[in-house]
Amino acid sequence: MAVIDLLEITAALPKGAPLAGLDLGAKTIGVAISDTSLMIASPLALIRREKFTADAETLFSLMAERRAGGLVIGLPVNMDGTEGPKCQSARAFARNLLRLNDLPIAFWDERLSSVAVNRVLIDEADTTRARRAQVVDKMAAAWILQGALERLRGAGSRPKVAL
């Protein structure tokens, strides 16, 4: 498989397979999972980054447990729409994953996902700073994945994330 356009990912998935979503951080990787109907994204796990191979093995294990058939990776596009070093890093991560596992991967613009999640955690969930630090990346992964799922359904632009 290869990196494909988001709108083509459902055709590349095994029937009934959920999608996993990733928020790639410098120290952690937030992981989210959809339901099998590709309607709702939920936070799943936080992978503490070590070496790429170990990170990939952990990710593939999480995906296998949930029978996920593909990935949506957050693409950290600059506010002006350009792609910088963080985008290059996300694209390299995807290429390296494809060397280990043949699965469909798509990107989703993740601009302001962490900001939005922090706002939700502060305003709506009244979460402490320490607790936010523990959950923000996996919540951001769910935000990213939910946005992609809504795009696949042609729904609105502001994603809702299951807490």
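Every read-out reported here was derived from the displayed coordinates using simple, explicitly stated rules and does not represent laboratory data. Model, not experiment: these values are computed from the prediction. We place every Cβ from the backbone using ideal geometry, glycine too, and count neighbours over all the protein chains shown.
Descriptive notes on the structure:
- Fewest-first ranking of Leu152, Leu44, Leu100, using other Cβ atoms within 10 Å as the exposure measure: Leu100, Leu152, Leu44
- As a proxy for reagent exposure, ranking Val3, Val72 by other Cβ atoms within 10 Å from fewest up yields Val3, Val72.
- Take the Cα of Arg48, step 7 Å toward its Cβ, do the same at Glu8, and the gap between the two points is 3.9 nm.
- A simple packing score, the average count of other Cβ atoms within 10 Å per residue, orders the peptides 137-144, 29-36 as 137-144, 29-36, with the highest score first.
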